[in-house]
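Heads up, the thing below is written out as structure tokens.
FYI, it's all coordinate maths here, none of it is from the lab. Quick caveat: nothing in here was measured; it's all calculated off a predicted structure. Here the Cβ is made from the backbone with ideal geometry for all residues, glycine too, and neighbour counts use every protein chain on show.
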Amino acid sequence: MTQYDLVIIGGGPAGYSAALRGADLGGSIAIIEDKALGGTCLNRGCIPTKALYQGAKLLHDIRKGDDYGLLVEELETVDEDFGLDVNKLIKFKDKNVNELVDGIKTLLNNNKVDVIDGKGTLRKGNIIEIEENSGDNYSINGESVILATGSNPNEKIMGPELSRLCWSADALVSEAEDFWQKGGDDVVIIGGGVIGVELSSILSLLGKNVKLIEVESNLLPPLDVDIKKRVSTYLKKLGVEVQTNSVVYNIVEDESKMKLQLRKKNNKEITIEADEVILSVGREPNLTGIDVEGLGLDLRNNYIMTDYKMKTSIDNVYAAGDIITKGKQLAHVAMHQGKIAAENALNPYSDSYFDDSAIPNCVFTFPQIAEVGLTEQECKAGEIPYKVGRFNFRANAKAMIMKEDGFVKIIADERTDEVLGVHIVGPNASDLIQEGTLAVKNKIKSKELTKTIHPHPTLSEAIWEASLDANEIALHQVKKKR
């Protein structure tokens, strides 16, 4: 039986990051993955979505062209005259995904990590039973093991088998030709979280008639209240029909259409039609390959419990990513957890630990949304005295030139002035949020941000202006009444 210092089950962001860090520390490493390296994020989630987003963004920007003197007619819809080739956009998406998957393979190979193409099942004594996709069966042993098997859509939510209903991830893989090239124009997306909001934005700009359904009163329920208030407005400008406070209680399929029956919060019932329905609700931990009962692994709500060193209830067994209770189900969180798990698995005296106090979250819509730290409603719930600074992008020179809208909102502790949260809706929010992440992570005072020189004219000035507003010394906006 081959012995390794570290065996990792799962080749997504948590798994491959753990493998690369473990190899860097000098360990003998094996990683087991039965599908494509990169996991859901790279193959069926973040990366495919952002490739399509880039194409949609180009269309969105071109429609502003008249103000810049571009000789293009105002385009309300994507049509044949404009020449959108969806097939080329899909190929662009697939090309980027394939190159990134190949890049991970190369990195693992260069770091002498053994990549096992198959399934691994962890047994007692850190024995891993391997079923290779080639048909070979054997066992290996790891001095330490990291579980990084990720999450799957919650199949219990799927309901009846319907031919034109799919999960969001299924619409993003290269095999989804029917959806993109043969499917109809009317698309309903069930679930107004990050994935549902992103897909509705993209599909609308790519020419689909999109209806977005959310059971809560606002889209993106966990986000700051001021952002939630604006999201529906932005989507409606893109042509998305938003139905909040709505539960889909029945779906009927006939030869031409799918009919969705909705019950509103006021008990009013409506029926909407669709050619295709996408589900973007509910994920559950993927415990495949983990003998939970045999191992005696501690779970909470079916998620693996770990400490902040990523250690499970079993000696020399660690876990990272979507299958654990710590952090959020985000690829960048999984990468950090995988790195930390490897450092502790190979060195029990390591001081490496996971800090979940400053996790940035990004939503690629039009405009983008990003936030980190506490929301205003969380401050109220925790009875934390706070102050708020805001700045509107309409007063920012660079944003005006870009014809973009939105705002920056900074929340600081009223007693200590430490930045508690930063919330941005506007151009390049996903890039701008990192200054907020540094501020929250390092407990920087909002007054320190006012002393930091930001280049002009840039979007980053909006963060500076929001910090000025938090300290009642606003420059390019009306000062708060004292």
For the chain, what is the convex hull volume of its Cα atoms per residue in Å³?
181 Å³
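Taking DSSP loops as anything outside H, G, I, E and B, show the longest stretch in the chain free of chymotrypsin sites (Phe, Trp or Tyr not before Pro) there with at most 16 other beta carbons within 10 Å. Mind showing how you got there, number by number?
Working: sites that count: 82, 308, 349, 353.
Result, exposed sites excluded: 83-307.
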Measuring from label point to label point, each 7 Å out along Cα→Cβ, what is the residue 380 to residue 35 span in nm?
3.9 nm
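Treat every Asp and Glu Cβ in the stretch 367-470 as -1 and every Lys and Arg Cβ as +1, leave all other atoms uncharged, and give the resulting dipole magnitude about the Cα centre to the nearest 20 debye. Don't jump to the answer; show the numbers that get you there.
Numbers: 13 positive and 16 negative charges, 34 e Å.
My answer is approximately 160 debye.
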Approximate spin-label separation residue 431-residue 236, in nm, with each point projected 7 Å along Cα-to-Cβ
3.1 nm
Please order 67, 322 by the number of other Cβ within 10 Å, starting at the fewest.
67, 322
Of 101, 227, 260, which is farthest on the positive side of the dipole of the chain, counting Cα position, with +1 on Lys and Arg Cβ, -1 on Asp and Glu Cβ, and the Cα centre as origin?
227
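With an 8 Å Cα cut-off and a minimum separation of 6 or more residues, compute the relative contact order for the stretch 367-470 in percent.
35 percent
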What residues have an amide H closer than 5 Å to that of residue 291, excluding those fewer than 5 places away on the same chain, when H is modeled at 1.01 Å from N in the peptide plane?
122
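How would you rank 456, 336, 60, 423, going from fewest to most other Cβ atoms within 10 Å of each one's own Cβ?
Numbers: 456 11, 336 23, 60 16, 423 29.
The fewest-first ordering by Cβ neighbours comes to 456, 60, 336, 423.
I'd like the GluC sites (Glu not before Pro) in the stretch 192-284 restricted to DSSP loop residues with at most 12 other Cβ atoms within 10 Å, sorted by number.
Details: sites: 198, 214, 216, 241, 253, 255, 269, 273, 276; in loops: 214, 216, 255.
Here the sparse-neighbourhood loop sites are 255.
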Percent of beta bridges antiparallel (DSSP, the chain, rounded to nearest 5)
60 percent
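In percent, what relative contact order does the stretch 345-423 have, based on Cα pairs under 8 Å that are 6 or more apart in sequence?
27 percent
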What full-extension length gain, to one decimal in nm, is calculated for residue 325 and residue 400 as 0.36 nm per residue of separation minus the Cα-Cα distance?
22.8 nm
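Report the calculated FRET efficiency for residue 308 and residue 264 (r = Cβ-Cβ distance, R0 = 41 Å), to the nearest 0.05. Walk me through the numbers on the way to the answer.
Numbers: r = 43 Å, r/R0 = 1.05.
Efficiency computed from Cβ-Cβ geometry: 0.45.
Normalised by the residues of the chain, what does the relative contact order come to in percent, with Cα pairs under 8 Å and at least six apart?
Working: 1019 pairs, mean separation 69.3, N = 482.
Normalised by residue count, the contact order of the chain is 14 percent.
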Rounded FRET efficiency, nearest 0.05, which uses the C-beta distance separating residue 112 from residue 244 and R0 of 41 Å
0.20
Computed [θ] at 222 nm, helices only, for the chain once each DSSP H run of length n ≥ 4 contributes -39500 (n - 2.57):
-9000 deg cm²/dmol
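Expressed in nm to one decimal, what extension gain is obtained for the pair residue 417 and residue 479 from 0.36 nm per residue of sequence separation less their Cα-Cα distance? Kindly include the intermediate steps, with their values, before the conclusion.
Working: separation 62, 0.36 × 62 = 22.32 nm, distance 1.88 nm.
Length gained between residue 417 and residue 479: 20.4 nm.
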Sequence-distant or interchain residues sharing an amide H contact under 5 Å with residue 212, placed H: which?
189, 241, 242, 243
When the Karplus curve 6.51 cos²θ - 1.76 cosθ + 1.60 is applied with θ = phi - 60°, which whole-Hz ³J(HN,Hα) does each residue of the stretch 6-20 get, with x for Gly and Pro?
8, 10, 10, 9, x, x, x, x, 5, x, 6, 5, 4, 5, 5
Would you please give the FRET efficiency between residue 292 and residue 132, computed as 1/(1 + (r/R0)^6) with r the Cβ-Cβ distance and R0 = 22 Å, to the nearest 0.05?
0.40
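Of 271, 312, 325, how do they rank once you tally other Cβ atoms within 10 Å and put the fewest first?
By the 10 Å Cβ count, ascending: 271, 325, 312.
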Across the stretch 1-133, what fraction of all alpha-carbon pairs, as a whole percent, falls in each successive 10 Å bin from zero upward?
11, 31, 22, 14, 12, 7, 2
